[in-house]
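The values are calculated or read from the model by the stated rules, or taken from the named source; none is laboratory data. Because the structure is predicted, anything quoted here is derived from the model rather than measured. Cβ placement follows ideal geometry from the backbone for every residue including glycine, while neighbour counts extend to all protein chains displayed. Please note that ligands, DNA and RNA were not included when accessible areas were found on the heavy atoms of the full protein model with its side chains. Shrake-Rupley method; radii C 1.70, N 1.55, O 1.52, S 1.80 Å.
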Amino acid sequence: MEIRGFAVGLLLALSATLLVDAQPADVRSRYIHFLTQHVYGGMNTNKCSKVIGQRHITEGNTNNCKEINTFILATHEQVRAVCSDGGTPKGRNLYESTKPFAVVICKRKPGASCVYNGKRSTRTIIVACDRGWPVHYQEDNLVLH
């Protein structure tokens, strides 16, 4: 089981390394951090605690559990497009996706240490971009059907 988690992490790191070759060096670590925390096409509501633990997703530069973390169910290319023709500028360096994304929102269970409940929904996402690369998940807006 631990080998599988390691393999997933290694695959993500290698994939991100291949993707960032044409990227400014000062953006690279922020982009990889963004991918690790927020982009996972295979995410589902039952995996929140496991994936957050495997990816070492914590609050800021601490070891504290995050209260909430959102995963975008998409490819890195689909999310990166939000910083160009797939997004609308919102001011500063923020862009809102022109198309909705499926997301899984993981919220920490009250009184529990790093145990999460997940909920899937469809939302437009707002990300901060640096020279065409998403580097921060700002917020999202629920899409009503």
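Quick notes on this one:
- Test: residue in the range 91-100 that is open to solvent by less than 20 Å² (accessible area, probe 1.4 Å), of a type in the set (S, T, N, Q), in contact with a strand residue (DSSP E or B) (Cβ under 9 Å, 6 or more places away or on another chain) and under 28 Å from Asn46 (Cβ atoms): yes
- Meets criteria (modelled with pLDDT of 90 or more, within 28 Å of Arg131 (Cα to Cα) and part of a helix (DSSP H, G or I)) for Phe34: yes
- Remark: His145 falls outside the filter, which requires a residue to be modelled with pLDDT of 95 or more and out of contact with any Asp or Glu (no Cβ under 6 Å at 6 or more places or on another chain).
- Some residue of the range 10-21 being modelled with pLDDT of 80 or more and outside any helix (DSSP H, G or I): no
- Positions within the range 67-90 being touching a Ser or Thr at 6+ places or on another chain (Cβ under 7 Å) and either open to solvent by less than 20 Å² (accessible area, probe 1.4 Å) or within 19 Å of Tyr31 (Cβ to Cβ) (or both), in sequence order: Val82, Gly86, Gly87
- Residues that are surrounded by 17 or more Cβ atoms within 10 Å (Cβ to Cβ), modelled with pLDDT of 95 or more and β-branched (Val, Ile, Thr) do occur in the range 111-125, at least one of them.
- Flag for Ser49 being of a type in the set (Ser, Thr, Tyr), surrounded by 17 or more Cβ atoms within 10 Å (Cβ to Cβ), touching a Phe, Trp or Tyr at 6+ places or on another chain (Cβ under 7 Å) and at pLDDT 95 or above: yes
- Members of the range 24-36 found to be open to solvent by 20 Å² or more (accessible area, probe 1.4 Å) and out of contact with any Gly (no Cβ under 9 Å at 6 or more places or on another chain), listed by number: Pro24, Ala25, Asp26, Arg28, Ser29, Arg30, Ile32, His33
- In the range 43-145, counting only strands (runs of 3 or more DSSP E) that sit wholly within it, the ones holding 3 or more residues that are under 20 Å from Gln23 (Cβ atoms) span 116-130, 133-142.
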